[in-house]
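The values are calculated or read from the model by the stated rules, or taken from the named source; none is laboratory data. As the structure is a computational prediction, the values presented were derived from the model and not from experiment. For neighbour counting, all protein chains shown are included, and Cβ atoms are generated from backbone atoms with ideal geometry for every residue, glycine included.
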Amino acid sequence: MGIGETGYNIVKVLHILSAVIGFGGVLLNGVYAAQARKRPPAEGLAIIEANVFVSNKISKIAIYLTFIFGFGVIGMSDGAWKISQTWLLISIILFVISLLVSELLLSPRVKQLVELQRELVAAPAAAGGPPPQVAQMKAIGGQVGALSGFLHLAFLTILVLMVFQWT
């Protein structure tokens, strides 16, 4: 099976479709976070929980499938694509680093944010200033923003490498 054949094209479509669903589902997480911050705590929590569900259940699976289908495309290309090609090797390395950053650094912080938001919703309104969760959420939110920025840049780099296929 090779480039241009039906099986190859099906796997390539699945590779692209899973990338669109996976990365498309997480690239706008900052927009959801901004909308959650503009709302009262309970409404903000609903936005955050919906976003986390999509990111962790749907997008994450699609992102892993993108990686698997990508190797399928390589394997079915009859040698047209080789892991030894610079653009492909760099893409794979960036993808693995991005997964590690997402799983080990970003996900725990997002879980902390969700828990703090839940505490904020459950806590009675306090007089005399914002609850302590607000400051904690701001600090963790800054970390999430920086990590997300790195992941967006890594994704953009991989996308450029895939399109231009520099060797």
Inset, instruction - Considering (1) of a type outside the set (F, W, Y); (2) buried (at least 18 other Cβ atoms within 10 Å of the Cβ); (3) over 24 Å from the mean Cα position of the chain (by Cα), say which one G7 fails and leave the rest. - result: (2)
Inset, instruction - From (1) closer than 24 Å to T157 by Cα; (2) at pLDDT 95 or above; (3) not polar (S, T, N, Q), pick out the condition that doesn't hold for K82. - result: (2)
Inset, instruction - Can you work out which of the residues in region 33-64 that are more than 12 Å from the chain's Cα centre (by Cα), crowded, with 17+ Cβ neighbours inside 10 Å and not aliphatic (A, V, I, L, M) is farthest from L151 (Cα to Cα)? - result: P41
Legend entry - Of the criteria (1) under 30 Å from A125 (Cα atoms); (2) assigned to a loop (DSSP other than H, G, I, E, B); (3) in contact with a Gly (Cβ under 9 Å, 6 or more places away or on another chain), which one G2 fails: (1)
Inset, instruction - Please name all residue pairs, on different chains or six or more residues apart, with Cβ atoms under 9 Å, provided the first residue is in region 1-30 and is within 30 Å of N51 (Cα to Cα) and the second residue is charged (D, E, K, R). - result: G22/K60; G25/K60; V26/K60
Legend entry - Scan of region 95-134 for residues that are surrounded by fewer than 12 Cβ atoms within 10 Å (Cβ to Cβ) and either in contact (Cβ under 8 Å) with a residue 40 or more places away in the chain or among the small types (G, A, S) (or both), ordered by number: A122, A125, A126, A127, G128, G129
